[in-house]
Amino acid sequence: MEIKSLVQVGEYEWEIPRSGQMRVPARIFASRELLEEMDEKVREQLSNVATLPGIVGAALAMPDAHWGYGFPIGGVAAFDPAEGGIISVGGVGYDISCGVRTLLTGLKKEQIEPVLETLIEALFVTIPAGVGSEGKIKLSPTQLDEVLVGGARWAVEKGYGLPEDLDYIEENGSLPGADPACVSMEAKKRQYRQIGTLGSGNHYLEVQYVAQIYDHQVARAFGLAEDDVIISIHCGSRALGHQIATDYLRVLSGASRKYGIPIREKELVCAPIDSPEGQRYYKAMACGVNCALANRQVISHLVREVFAEVVPEANIRVLYDVSHNTCKIEEHEVAGRRRRLYVHRKGSTRAFGPGRPELPQAYRKVGQPVIIGGTMGTCSYILVGTTEGTTKAFGSACHGAGRAMSRHAAKKRWRGSDVIQHLARQGIVVRAKSMRGVAEEAPLAYKDVSKVVEATHLAGLAKKVAMVKPLGVIKG
DNA sequence: ATGTTC
């Protein structure tokens, strides 16, 4: 991105001044290096977002921002319904509530190493992965509706997990406001057999160990110590979320015209929050969120079953479950006034600092765990939300590395089997459904997650707590 | 991301 047209407002904070139809400025949180590499499209898309009715403060981009449909991936925007604020499909993304859940195991690295191959193999055969993958759970239409309202709470009630798991999931496992009547039959049909499945693309389940602690006090509050074995599950709402997005892209396209909101990009369509179309999208999107929360809960249950078999001394607890493709109703103080806002985070993790009532008691004094997944074979990070980030960015941080190379280019550059061999030489066990998928997800096709996390940390959006490294991974 | 371009 051309830096000279930006105004530097902090060492890691840059502003696109208001111009043309922009109602507010746009702000990008990044190091100079990441900003230079950043897609020029991010500037254009952020400026478009800044023109939307009812936007509050500024249109924001995280250090891992890159081009997306309508909104950039790594984008954050909050809208006030009382001021004609809108809700947008492009502000959430296709994979509604895609996110990461991290589980603690109570095990040390040395305990797992002798059984690592067996463990990864058992996880691979137990947890369905890959395009169109289906699980053992088959839901009736009534049961699916219960999932879409209940989320992880539904899963726990059905025996897939423990009641205390719910305390460590954003929204306590269930986003209010979901209405299955707003979800098409087409979307529901695609989900009957997809509960508790991993999916494909950049989704994965990784067995990791804590390689480095940066903040010992917060790490203690999170229950993390060096060499601890943890599990991270990265997946979303599968075909259902995708279908909801597809359906409502059409609905909101009509709504944009109906309410006279200029369409600057096909996927930037939106509707006023208080319109029937806007409310229907919110209620459907909440179903997508609950689907993803139920998914990660059922997968956690399968992980527990595998560990009970392979490493029975494990005690699996949920560290936290974060979503990075959502629109949520949150209270924020803006210019001294508390306001109820619809906060869109697309490729951005909620990162609430200390004191927020949404956080479980165990984390309320320190802030929420902010789980940042790397890509296959690279390290990942656990950060903690800050008061500064809650003020500056509605409590938001980056979500991961972000692609540096297209899927197509990656496939031409690498062979899946070579990527797996390369990782094996580093002692990382990989089991995958698709070699083509592995090539697309080659570590070098992604930006350096460490640089993204460093910029997030230095910008004050969230603070580094721990770095984790992979031992084994299963992929679609 | 996605029954990977209905």
**Item:** Probe 1.4 Å, all protein chains present, accessible-area order of A:323, A:200, largest first
**Value:** A:200, A:323
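For chain A, with only Lys/Arg (+1) and Asp/Glu (-1) charged at the beta-carbon, what is the dipole magnitude about the Cα centre, in debye rounded to 20?
Numbers: 58 positive and 53 negative charges, 204 e Å.
Dipole magnitude for chain A comes out near 980 debye.
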**Message:** Positive end of the dipole of chain A, charges at C-beta (+1 Lys, Arg; -1 Asp, Glu), about the Cα centre: which of A:473, A:319, A:135 has its Cα farthest in that direction?
**Reply:** A:135
**Message:** Suppose every Lys and Arg Cβ carries +1 and every Asp and Glu Cβ carries -1, with no other charges. What dipole size does region A:216-363 come out with about its Cα centre, to the nearest 20 debye?
**Reply:** 940
**Message:** Please report the spacing between the Cα centers of region A:380-423 and region A:313-356 in Å, no decimals.
**Reply:** 19
**Fill in**
Ordering A:437-447, A:10-20, A:170-180 by per-residue average of other C-beta atoms within 10 angstrom, highest first, gives A:437-447, A:170-180, A:10-20
**Item:** Helix-only CD estimate at 222 nm, as mean residue ellipticity for chain A, using -39500 (n - 2.57) per DSSP H run (n ≥ 4)
**Value:** -9500 deg cm²/dmol
**Helix A:40-49 axis, angle to chain A major axis (alpha carbon atoms, nearest 10°)** = 60
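Relative contact order (percent) for region A:393-450, with alpha-carbon contacts under 8 angstrom and 6 or more residues of separation?
Over region A:393-450, the number comes to 52 percent.
What trypsin sites (Lys or Arg not before Pro) does region A:337-420 have in DSSP loop regions with at most 15 other beta carbons within 10 Å? Working shown, then result.
On the way: sites: A:337, A:338, A:339, A:340, A:345, A:346, A:350, A:364, A:365, A:392, A:403, A:407, A:411, A:412, A:413, A:415; in loops: A:365, A:415.
Of the trypsin sites (Lys or Arg not before Pro), the ones in loops of region A:337-420 whose Cβ has at most 15 other Cβ atoms within 10 Å are A:365, A:415.
For a quick check of your reading of the filter: which trypsin sites (Lys or Arg not before Pro) in region A:89-150 sit in a DSSP loop and have no more than 13 other Cβ atoms within 10 Å? Show your work: numbers first, answer last.
Numbers: sites: A:101, A:108, A:109, A:136, A:138; in loops: A:136, A:138.
Those satisfying the criteria are A:136, A:138.
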**Item:** chain A, Cα convex hull volume normalised per residue, Å³
**Value:** 126
**Asked** What's the angle, to the nearest 10 degrees (0 to 90), between helix A:238-258's Cα axis and the longest principal axis of chain A?
**Response** 0
**Request:** Run the numbers on region A:319-474 and let me know its relative contact order in percent, using alpha-carbon pairs under 8 Å that are six or more apart.
**Result:** 24
**Message:** Could you work out the relative contact order of chain A? I mean the mean sequence separation of Cα pairs under 8 Å and 6+ apart, divided by the number of residues, in percent.
**Reply:** 22
**Item:** Charge dipole (chain A, unit charges on Cβ, about Cα centre) - positive-most of A:254, A:458, A:438
**Value:** A:254
**Request:** Quick one: check the C-alpha center-to-center distance for region A:1-80 versus region A:199-214, whole angstrom.
**Result:** 29
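The values are calculated or read from the model by the stated rules, or taken from the named source; none is laboratory data. Since the model is a prediction, treat every value here as computed from it, not as a measurement. All Cβ positions, glycine included, derive from the backbone under ideal geometry; neighbour counts span all protein chains shown. Note: accessible area is taken over every heavy atom of the protein model, side chains too, but ligands, DNA and RNA are not part of it. Shrake-Rupley method; radii C 1.70, N 1.55, O 1.52, S 1.80 Å.
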